[in-house]
Every structure is written in structure tokens, then in C-alpha cells.
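The values are calculated or read from the model by the stated rules, or taken from the named source; none is laboratory data. Note that the structure is a prediction, hence the values are computed from the model and not measured. No Cβ is skipped: glycine too gets one built from the backbone with ideal geometry, and neighbour counts run over all protein chains shown.
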Amino acid sequence: MNRVTFGMLVLLAGCTHGRAAPTPVTTSSMLEQEEIEPLPDVSPTGPGLAMDTTGSDTLNLTKVEYSQLPGWKNDKHGEAIVAFSASCEKLAELDNSEPIGTGPYGGLARHWRKACAAVQNITKSEHKKARAFFEKHFHPYAATGNEGSEGRITGYYVQPLRASRKRGGRYQFPLYKRPEDLVAVKLDDFVEDGRSRRVWGRLAPKSGRLLPYPTRSEFEKEIRGRRNEAVLLWLDSPADSVLVEIEGSGRATLDDGSVVMVAFDGKNGRKSQKLGVARALRAFEKKRGKRRWTKADIAKASRIAEQKDSMVFFEIEHRDGAIGSQNVVLTPRRSLAVDRAIVPLSTPVWVDTRAPNAAKSQHTTWRRLLIAQDTGGAILGTVRGDIYWGDDDEAVAIGRRVNGAGRMWLLLPKTLPESRAEGRSRIESGSTARFRDAEMRRRSGLGRPKRL
């Protein structure tokens, strides 16, 4: 789809605009430039736009028994009740006929009503009751993708930050607000196979065409001279300013002793393009030591960061905790980020992987029930999950070490109809059903999908 078409779509949709205007930092063009080592490319495809999801993987579901889920009886299922209850609150906002997710296997909102009503009678400490609840209301399905049943499981957390509302002293590195001209286009609003993908950009002032949003380097140049009104907070670490973009949320301790949460509020939609930017910035910090930041230091840090085309914008979050894409407060060790083009948000997911149980412990078998409540730019594919660990020091220590193979099982409501006429391909015990959104929606009569 070309830019003209997207521009027309944006004008028809009315588009989603941001809230603030951007600001600059000292740019390297003003100072004598010290050479920096270029970082490797992420892929050979070159710079360009990035989708929120790939929309290209295929979900294969095989109906199984709970006895086939490794370690199922050993989990503390009550801990997942808090997360699932939060998702039920979001489901309650939907009309009965609204699809859950972009594929037919999530069914309609009405198919989740019975489970959401029953969960209200269970507390997080009632583990046996909670296990019986999931077994009563959901069927487990083994998930496989184009690459098979084994995928990649990682971890994430709330990035700790030290910040100030004003620039000065150690606080020299900007965390940006969402620019006023940033636009997000939801493809689901226009095409059947949109699969929750979005395109980020801005409208050309005269033609109204949707254009790519500036890269990090271009953005910094554009906002030169309009600094303070665009910065949300000033951080004391250039590495942290990139790491918080990767994690998606942060807990900032301000110079006055107060603490604020910052949450994702949009992005420029560019590919990350370079590997190891945060690592390079952390190495630069260690090399320079604790001396005062000079203009030359700040300029060099900016040049390193500007190798990364992508950037994320933030807002102050007044709820206590990290907020997922489903707009719920995430539950540590029980919320999962998924590719929402494939896995519907709200879905209980049984995860089998390896992870440390404590900050300094070795990796061991880790099997838990989690709820799909979040997404991420790097969380793409069918058997792909990112476990939310929390916002304390242990969460940081564990979350950054989780990165390995894993398997996933989706728990889908038993109230979902088996018939294709009800919007779902037939899934029989022991058989595998393959779903491709556009084809299955045409057959099932679900029509155009809407994103939860």
C-alpha cells in the first residue's frame, strides 16, 4: 500500500494524534566530533518502517488434555487469577458480538462471559480452586508455528531511572513526550488481514499524505531550539534512556525524592536497525567514570544513540505499575507479552521454559500459567513470549537473563463453538487446525476484525 493510499485512510479515519511537542539536546554538529565505532545492522534489509506485528506466521493449534501440559498441577494457579480478572474487566467493555483478537480462534466477547463471571468468586490464594476453574472453563491447545513447537521466551521489567524535571548537572539525557504530529494508523480499520498491525507516521501539512516519522537523528535536528517543551524528564544516563525504550516502561526516582512511573505513549515506527546501542552507551559511561558530563561527552553519547533509528515516546502514568497494551496493570510473573496478530489478548497461556528463580540463581525449569496482556516491537511470531517480571531489583536481575527456548499452550474458552458457521474452524482432539486470518474470516463470516 503506497503513501497516498495511507494518507487517504488517515483522513477517513480521523487518525490518532499525540499530545505534546518535541525538544532537543546538544547536538554533535556544534562540537568537535570524536569518532565513534559504528554498530552492526540488525538485518540486511536496510532502514525503513517497522510494523507492530509481522502478520506472517501461522498458528497451528492441537487440542490436548491438561495431563499433557508439563508441570500443570504444580503451579500456583491462584496467582494467575489477578491477571485474568484484569483482562475480564477489559472484555466487559466490549459488545457481545465483538471479536477477541484478530484471528477466529479467539471467538467473540460473549464466549468469554461465563469464565469472566466465574472468576469473580476466586481469590489469588485459592490455588486448587483456581486450577479447577481453568480446567472447567478452558480447553488447552498446543501452539506451533512455521518453525515448529519450540520458540523463544524472553523477560522484561520496569526500567529503573534517575531523573529530574529540569535539565542540569547530571541530568542531561531526554526522555521525550509524544509529539503532537505523531499519527498511528490501525490497519484493522481498513483491511480484513490487518492483524492488529499499525503504521506510525505524520501527515504532510499540504497534501495530507501519511509520511514516515523522522528517525531519531532527524528528530533531534528538527526540534533543535524547542527543547524544554518536548521533554518529559531528563535522565542521568544515556544508556537508561535507550533501555527504557526497550522495556516500554520505567520507574523514575526524581531529584526531589519523589517517584513517578513512565509508560509507552507511541513510537516513530522505525526499525531499530542497529544492534547494541544500549550496551555501547553503558560501556561509554563506564569508561568516562563519574566525572561531570561535558558538552563533548553529551555530544558523543548522542551520536551513539542516533545510530538507532527507532525511538519511543512516554507519558507519566498515575496507576501503580507497568501498563500493558491491553491497558491493564501488569502482574509480575503472570503477564505475558505476545504477538497480538496471532495470540488474542486475554488468553491464558501455559509456558514451559527455563529461567532463574532468584536474582543470582541458575536457570531451572520454569512452568507457569500467564495471561496475554501486552505486546512488544520485538515480540513477533507464534511461539514467542516475553514474561513480565516486575519493577523491583530482583525483577531487573532476573528479567534481563531470561532469553531461551520455550513452548506455549493456549487455553481457549469451552464456550467457543466448534462449528465453522460460528466463526471458528473445527478443532478435533488429536488433530491440528491451521488458521490464517483473512481466509478463515471470509469462511466464518466474522467480517472485519477489531482490535481489543
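What to note about this one:
- Considering 227, 251, the condition of being more than 25 Å from the chain's Cα centre (by Cα) and over 22 Å from residue 201 (Cβ atoms) is satisfied by 227 alone.
- Within the stretch 59-78, being in contact with a helix residue (DSSP H, G or I) (Cβ under 9 Å, 6 or more places away or on another chain) and within 20 Å of residue 343 (Cβ to Cβ) holds for 59, 61, 66, 72, 75, 77.
- Checking every residue in the stretch 206-224 against the condition of being more than 29 Å from residue 402 (Cβ to Cβ), within 19 Å of the chain's Cα centre (by Cα) and in a loop (DSSP other than H, G, I, E, B) gives zero matches.
- The combined condition, being surrounded by fewer than 18 Cβ atoms within 10 Å (Cβ to Cβ), on the phi < 0 side of the Ramachandran plot and not aliphatic (A, V, I, L, M), is fulfilled by residue 288.
- Yes/no for residue 283 being part of a helix (DSSP H, G or I) and either surrounded by fewer than 22 Cβ atoms within 10 Å (Cβ to Cβ) or not assigned by TED's automatic domain parsing to the domain that holds residue 171 (or both): yes
- Of all residue pairs spaced 6 or more apart or on separate chains, those with beta-carbon atoms under 8 Å, a first member in the stretch 116-132 that is of a type in the set (Gly, Ala, Ser) and a second member that is in a loop (DSSP other than H, G, I, E, B) are 130/77; 130/122; 130/124.
- Some residue of the stretch 182-196 being modelled with pLDDT of 90 or more, farther than 30 Å from residue 285 by Cβ and of a type outside the set (Gly, Ala, Ser): yes
- Counted residues, the stretch 335-361 - those being within 15 Å of residue 390 (Cβ to Cβ) and crowded, with 22+ Cβ neighbours inside 10 Å: 4
- Selection within the stretch 197-236 - farther than 26 Å from residue 316 by Cβ and either among the hydroxyl-bearing types (Ser, Thr, Tyr) or not assigned by TED's automatic domain parsing to the domain that holds residue 313 (or both): 207, 217
- Hits in the stretch 344-371 - residues which are in contact (Cβ under 8 Å) with a residue 40 or more places away in the chain and aliphatic (A, V, I, L, M): 345, 349, 351, 355, 358, 369, 370, 371
- Enumeration of residues in the stretch 334-375 that are in a strand (DSSP E or B), of a type in the set (D, E, K, R) and closer than 16 Å to residue 324 by Cβ: 374
- Residue 144 being in the same structural domain as residue 339 (by TED's automatic domain parsing), modelled with pLDDT under 95 and of a type in the set (S, T, N, Q): yes
- Taking the stretch 391-410 as the range and being surrounded by 21 or more Cβ atoms within 10 Å (Cβ to Cβ) and out of contact with any Pro (no Cβ under 9 Å at 6 or more places or on another chain) as the test, the residues that pass are 399, 406, 408.
- Filter result for residue 108 (crowded, with 22+ Cβ neighbours inside 10 Å, closer than 25 Å to residue 340 by Cβ and of a type in the set (A, V, I, L, M)): yes
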